[in-house]
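Asks: There's a structure below that I have some questions on.
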Amino acid sequence: MTGCQEPAYNNATLWEGAYSTWPNCPTPSENNIDNTEGEYDHLVCEVSARPCCIDLQGECVIISQEECEFRQGFFHENNTLCSQVSCITSVCGLSGFLFDNTPDQFYRALLPTFMHAGIIHLLITLVFQATILRDMEKFAGWWRIGFIYFASGIGGTMLSGILIPYQPEVGASGALYGILASLIVEVVVNWKIYKSPVIELGKLLLLVIFLFLVGLLPWIDNFAHIGGFLFGFLTSFVVLPHINFSEEDRIAKLVVQIACGVLAVVLFVLLFIVFYLAQSSTCENCSYINCIPFTDSFCQDSTMELRPRLGD
């Protein structure tokens with residue numbers, strides 16, 4: 001091997017600084033060095049610090065495998081520099097990325113709707129689908145309810161991804177809140193056929209308010225609920241069937257349909273633009289919508305920190 005005939009650092013067992021700041025060699029060797037007798041043991045070292053991708057932020061640091069495992073990171077044992085690894089690929093996985101270090105897995109906007117955090121979470125979704133969702137499908141048809149369901153799920157996921165980007169997102173709560181919004185719209189557009197529409201609307205509003213209050217607890221994503229409800233409300237005006245009681249009523253409902261359709265498309269485009277192009281965006285005062293810290297540590301363990309996705 002070639003290297004240094006005389007070490008610049010005499011203690012070969014410990015170096016306090018970063019490995020990249022190791023002192024330069026004062027006496028470099030021009031020829032190959034034979035270390036069979038151990039004369040140049042100071043040239044032999046084991047590199048234990050390698051790139052480690054930490055947490056959902058995909059931050060790369062040079063640390064040992066033990067520390068990487070302790071910090072629950074992804075250790076790259078075959079690389080030596082962070083420039084040699086792609087943390088976003090290591091952390092996110094699945095199908096990879098079309099462009100390196102660019103979060104272009106667009107299907108993730110819909111994927112959380114099909115994933116759940118456990119049996120209880122899944123059972124809550126199934127009970128809702130087997131009762132309220134089934135009745136709405138009988139009333140409006142499968143394609144209308146399917147459109148509202150998935151549009152609400154994607155809209156809720158996008159809003160949540162913008163405001164709390166480092167919080168894993170699972171569950172169909174955004175889509176379910178969209179269906180709740182469609183119940184309210186169904187009462188509004190068919191107001192005259194109900195015997196007591198105010199009572200029906202009041203019951204639905206009380207239920208929605210109660211569920212939003214529950215969303216203020218830790219580990220419940222109220223941003224996904226709000227986004228899902230908003231898109232469910234707008235798309236329901238567009239696709240749900242309704243009865244026209246007069247020509248003026250028909251024109252008024254048509255205007256509302258067009259306005260809600262345009263607004264839904266505009267909001268959808270804005271969410272995608274903000275999510276993919278304005279990644280430094282955040283909302284400093286929105287945390288109380290998602291979790292109210294009744295104590296200093298009440299919301300701390302949920303990791304729902306509102307901060308930009310890009311560092312300073």
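The values are calculated or read from the model by the stated rules, or taken from the named source; none is laboratory data. Remember, predicted model here, so these are calculated numbers, not experimental data. Methodologically, a virtual Cβ is constructed for each residue, glycine included, from the backbone with ideal geometry; neighbour enumeration extends over all protein chains shown. Surface areas here come from the heavy atoms of the whole protein model, side chains and all, with no ligands, DNA or RNA. Shrake-Rupley method; radii C 1.70, N 1.55, O 1.52, S 1.80 Å.
Asks: Looking at region 226-238, can you tell me whether even one residue there is of a type outside the set (Phe, Trp, Tyr), modelled with pLDDT of 85 or more, open to solvent by 30 Å² or more (accessible area, probe 1.4 Å) and over 27 Å from LEU205 (Cβ atoms)?
Replies: Scanning region 226-238 turns up no residue that is of a type outside the set (Phe, Trp, Tyr), modelled with pLDDT of 85 or more, open to solvent by 30 Å² or more (accessible area, probe 1.4 Å) and over 27 Å from LEU205 (Cβ atoms).
Asks: Let me ask something additional. Restricted to region 56-88, and to residues that are of a type in the set (Gly, Ala, Ser) and modelled with pLDDT under 85, which residue is nearest to PRO168 (Cα to Cα)?
Replies: GLY58
Asks: Condition (residue is under 31 Å from the mean Cα position of the chain (by Cα) and closer than 30 Å to PHE97 by Cα) applied to region 285-296: is it met by at least one residue?
Replies: The answer is no, given that none of the residues of region 285-296 is under 31 Å from the mean Cα position of the chain (by Cα) and closer than 30 Å to PHE97 by Cα.
Asks: When you go through ASP104, ASP100 one by one, which is the residue that is modelled with pLDDT under 90 and open to solvent by 40 Å² or more (accessible area, probe 1.4 Å)?
Replies: Just one listed residue meets the conditions, ASP100.
Asks: Scan region 48-88 for residues that are part of a strand (DSSP E or B), of a type in the set (D, E, K, R) and over 23 Å from the mean Cα position of the chain (by Cα) and jot them down.
Replies: Going residue by residue through region 48-88, those that are part of a strand (DSSP E or B) are 49-54, 59-64, 74-75.
Keeping just the survivors that are of a type in the set (D, E, K, R) gives 50, 59.
The one that is part of a strand (DSSP E or B), of a type in the set (D, E, K, R) and over 23 Å from the mean Cα position of the chain (by Cα): ARG50.
Asks: Keeping to region 156-175, report how many residues are open to solvent by less than 20 Å² (accessible area, probe 1.4 Å) and either out of contact with any Ser or Thr (no Cβ under 9 Å at 6 or more places or on another chain) or over 21 Å from GLN105 (Cα atoms) (or both).
Replies: Within region 156-175, residues that are open to solvent by less than 20 Å² (accessible area, probe 1.4 Å) and either out of contact with any Ser or Thr (no Cβ under 9 Å at 6 or more places or on another chain) or over 21 Å from GLN105 (Cα atoms) (or both) number 3.
Asks: May I ask you to verify whether ARG134 is in a helix (DSSP H, G or I) and exposed (fewer than 15 other Cβ atoms within 10 Å of the Cβ)?
Replies: So ARG134 passes the test.
Asks: Identify, from the list ILE154, ILE145, ILE162, ILE120, the residue that is of a type in the set (A, V, I, L, M, F, W, C), assigned to a helix (DSSP H, G or I) and modelled with pLDDT under 90. Spell out the reasoning first.
Replies: Details: ILE154 fails: modelled with pLDDT under 90; ILE145 fails: modelled with pLDDT under 90; ILE120 fails: modelled with pLDDT under 90.
After ruling out the rest, the residue left standing is ILE162.
Asks: Report the residue count in region 269-292 for those that are open to solvent by 50 Å² or more (accessible area, probe 1.4 Å) and modelled with pLDDT under 80.
Replies: 8
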